[in-house]
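Okay, so here's the structure we're looking at.
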Amino acid sequence: MPTIVVEVMPKAELLDPAGKAVAGALHRLGHDRISDVRIGKRFELHVDGEVDAELLAAVEKVATDMLANTVIEDVVAVEVRGETAGASA
Amino acid sequence: MRVGVVTFPGSLDDRDAMRAVRLAGGEPVALWHGEHDLHGVDAIVLPGGFSYGDYLRCGAIAARSPIMAEVIDAANAGTPVLGICNGFQILVEAHLLPGGLIRNDHGDFIRRDQRLRVESTDSAWTNGFEVGQEITIPLKNGEGGYIADEATLDRLEGEGLVAFRYLDVNPNGSLRDIAGLRNERGNVVGLMPHPEHAVEPGFGPDTREAMRSGVDGLTFFTSVLTASVLS
């Protein structure tokens, strides 16, 4: 069963208070070389059957219409992954 | 006048909003998120809470729930719609108001009695105030930081669409101290603070005169009764 992966990140110019809190915790733990953290979302959409151009176009639309709010977030990736990805390695 | 209050899964302040409508002299009508039926109401309140557990984004799933198709049509036809806190988040997710609301800049949930300045009285929900009037109503949110791009902020200011601004402190990092907005037509208003929690002596914010006597929120709900008479 193929999977379409959609990744969404808060817009670069906006403050990400959750990421900032994680960065602060990392610094307290001594990870001085990590300068910043930003937290995004990853959606895995499982598909019945093959992914065709029509479905991919529909997912790209729903990614910007619903999965992300493009006022505050950017869709940074829409990718197809096969079910067996990694299994044959 | 019949004022509908929509209950979503996770709404918290729907009963308070209905009580506020009744105290103002209106007839509250309970509306359900899963129906495509506004029951003929004359105005609509989207209440506070954590609809759908704030999953995806605050207000995002509620904005796409069945009844919102009717709410959006009604709003576009001029029916007064008030979004309070999570209701404001639903209004921006439904694109009835511009911009977005993100996590408070300091990262904490905040609850305080908040002073606001009324910036616009040209709306169904604010016509009972005076421009420049200072009011105090409760604020309680974790994701109340209002943001929009500079061009949108300039347009909102230029067209007088900022309805309320935070006074004394900016509690959540909202750009230009914006606490609430109205749309161009004036029928849709959204704000993060909670007018429905300041409608009854004994249960509102403290005032100089007496503890918990603040009822500044009642004017929202009396304003809309006047608005319906005028139209």
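Data table
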read-out: Conditions (1) closer than 14 Å to B:VAL6 by Cβ; (2) surrounded by 24 or more Cβ atoms within 10 Å (Cβ to Cβ); (3) in contact with an Asp or Glu (Cβ under 7 Å, 6 or more places away or on another chain): number failed by B:ILE67; value: (2)
read-out: Condition met for A:VAL62 (in contact with a strand residue (DSSP E or B) (Cβ under 6 Å, 6 or more places away or on another chain) and closer than 25 Å to B:GLU93 by Cβ); value: no
read-out: Matching residues in the stretch B:44-75 - criterion: being polar (S, T, N, Q) and within 14 Å of chain A (Cβ to nearest Cβ); value: B:SER65
read-out: Which listed residue, of B:VAL29, B:VAL41, B:VAL6, is open to solvent by less than 10 Å² (accessible area, probe 1.4 Å), in contact with a Leu (Cβ under 9 Å, 6 or more places away or on another chain) and either among the hydrophobic types (A, V, I, L, M, F, W, C) or free of Cβ contacts under 8 Å to residues at least 40 places away in the same chain (or both); value: B:VAL6
read-out: Test: B:GLY78 is open to solvent by less than 40 Å² (accessible area, probe 1.4 Å), within 14 Å of another protein chain (Cβ to nearest Cβ) and either touching a residue at least 60 places away in the same chain (Cβ under 8 Å) or under 15 Å from the mean Cα position of the chain (by Cα) (or both); value: no
read-out: Some residue of the stretch A:3-15 being part of a loop (DSSP other than H, G, I, E, B), buried (at least 16 other Cβ atoms within 10 Å of the Cβ), more than 10 Å from every other protein chain (Cβ to nearest Cβ) and touching a residue at least 60 places away in the same chain (Cβ under 8 Å); value: no
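The values are calculated or read from the model by the stated rules, or taken from the named source; none is laboratory data. As the structure is a computational prediction, the values presented were derived from the model and not from experiment. Glycine also receives a Cβ, built like all others from the backbone with ideal geometry; neighbour counts cover every protein chain displayed. When the accessible area is computed, the model is the full protein with side chains, heavy atoms only, and any ligands, DNA or RNA have been set aside. Shrake-Rupley method; radii C 1.70, N 1.55, O 1.52, S 1.80 Å.
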